[in-house]
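Working notes for the structure below.
The values are calculated or read from the model by the stated rules, or taken from the named source; none is laboratory data. Since the structure is predicted, the reported quantities are computational estimates derived from the model, not experimental observations. Note: ideal-geometry Cβ built from the backbone for every residue, glycine included; neighbour counts use all protein chains shown. Note: areas computed on protein heavy atoms with side chains; ligands, DNA, RNA excluded. Shrake-Rupley method; radii C 1.70, N 1.55, O 1.52, S 1.80 Å.
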Amino acid sequence: ILCIGPMLIAFHGTQIKDRVNCSRLSSITKNISLLFASSIYTLGIVLFYFIISLILHTDDITKDTLLLRLFNVIIQAFVCLAFTFLFSLLTKKAHLLNIFSNVFGLGSSFLCGIFVPRELLSDTVSSFGRFLPAYWYINVENALCDLSAEAYSTISTGYLIQLLYGVAVLVIALVVGQYQRRR
């Protein structure tokens, strides 16, 4: 959110937006191009951190789970990118992204069992956490620690739900973008 968000806000600002609107491209094509460029940047960040983690934790990561973990991280990065795209449309000031990022990042980390183990969370908090994509990311990571036949079902379910979150938020962002252009 804090890396890509300010760039997206700059593209949605009046000066750059007016220059881009002079082109013959439709607004959906412009948004998809912006999303594609942001995806490449995000993928670069993910691969950089993944390589660093491979160097630092070579003993902890097994070859069986390596690609499954990478896929999980890429899906979660896509979900975060979709939220970033939405947040950049909802605000005109880059410093407000700090608020969005703290509420979204820290809130979901506490509610989904990232900072606090799920065993210590109440049933109400744990139930609420299921409505956040980070909950399913952690489900996949926990299942990858103990691979079994049942774990593969949890992993595929977690992947699917995270992807659905990302697509849903992205569709909402595109609708918000269309609404703002018409207004």
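For the reader, a short list of remarks on this structure follows.
- Qualifying residue in the range 140-157 (condition: under 14 Å from C80 (Cα atoms) and either part of a helix (DSSP H, G or I) or among the hydroxyl-bearing types (S, T, Y) (or both)): no
- Test for F78: is it hydrophobic (A, V, I, L, M, F, W, C) and touching a residue at least 40 places away in the same chain (Cβ under 8 Å): yes
- Considering the range 51-82, the residues that are modelled with pLDDT of 90 or more and not aliphatic (A, V, I, L, M) include one that is nearest to C145 (Cα to Cα), namely N72.
- If you go through the range 128-154 and pick out every residue that is more than 18 Å from L164 (Cβ to Cβ), within 21 Å of the chain's Cα centre (by Cα) and surrounded by fewer than 14 Cβ atoms within 10 Å (Cβ to Cβ), you end up with 0.
- Extreme residue, surrounded by the most Cβ atoms within 10 Å (Cβ to Cβ), among residues of the range 155-183 that are over 30 Å from T14 (Cβ atoms) and free of Cβ contacts under 8 Å to residues at least 40 places away in the same chain: I161
- Every condition in (1) open to solvent by 80 Å² or more (accessible area, probe 1.4 Å); (2) at pLDDT below 85 holds for F100 except the one numbered (1).
- So T124, is it out of contact with any Lys or Arg (no Cβ under 8 Å at 6 or more places or on another chain), open to solvent by less than 50 Å² (accessible area, probe 1.4 Å) and outside any loop (DSSP other than H, G, I, E, B): no
- From L111, L96, L86, L174, residue being out of contact with any Pro (no Cβ under 9 Å at 6 or more places or on another chain), closer than 27 Å to L68 by Cβ and aliphatic (A, V, I, L, M): L111
- Boolean, F110 is open to solvent by 30 Å² or more (accessible area, probe 1.4 Å) and in a loop (DSSP other than H, G, I, E, B): no
- Residue list for the range 94-107, restricted to those being in contact (Cβ under 8 Å) with a residue 60 or more places away in the chain, farther than 18 Å from V79 by Cβ and either in contact with a Lys or Arg (Cβ under 8 Å, 6 or more places away or on another chain) or in a helix (DSSP H, G or I) (or both): N98
- One residue stands out among those in the range 19-45 that are within 18 Å of the chain's Cα centre (by Cα) and open to solvent by less than 50 Å² (accessible area, probe 1.4 Å): the one that is farthest from I172 (Cα to Cα), which is G44.
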